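Following: one structure in C-alpha cells, then a few remarks.
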Amino acid sequence: MGDIREVERLFSVYKVEGKSRILLGGLVERRKSRRVKSNRVGLVELAKRKFTESPDEDIKIVLKEEK
C-alpha cells in the first residue's frame, strides 16, 4: 500500500522500408508517469539511437506498444 511503482511499457520497434516494416527489436520505457503524445517524439529518437548502425544513418522508425 502506498507503493509507487514505475510504469514500464514495452514497444516493438520497426524500421520502415517502402511499404514493409522490419522488426528491429524492443524498447522498454521505465517512467514514473506516462509520456504525453507530443513527447513520444523523444521515444522515437531514443529508438533511432539504439537501433541505427551509425549516427549519420537516417531511418524511419515506427513504434507499436505491446499490451
Query raised in the report: How do Arg21, Arg40 line up, fewest other C-beta atoms within 10 Å first?
Result: Arg40, Arg21
Report summary line: Exposure-ranked with fewest Cβ neighbours within 10 Å first, Ser54, Ser20 stand as Ser54, Ser20
**Report entry** Distant-in-sequence amide H partners of Leu24 (H built 1.01 Å from N, under 5 Å)
**Finding:** Val13, Tyr14, Lys15
Query raised in the report: Could you put Phe51, Phe11 in order, starting from the residue whose Cβ has the fewest other Cβ atoms within 10 Å?
Result: Phe51, Phe11
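Bear in mind that the values in this text are calculations on the coordinates, not laboratory data. Keep in mind the model is a prediction, meaning the values are calculated, not measured. Backbone-built Cβ (ideal geometry, glycine too); neighbour counts: all protein chains shown.
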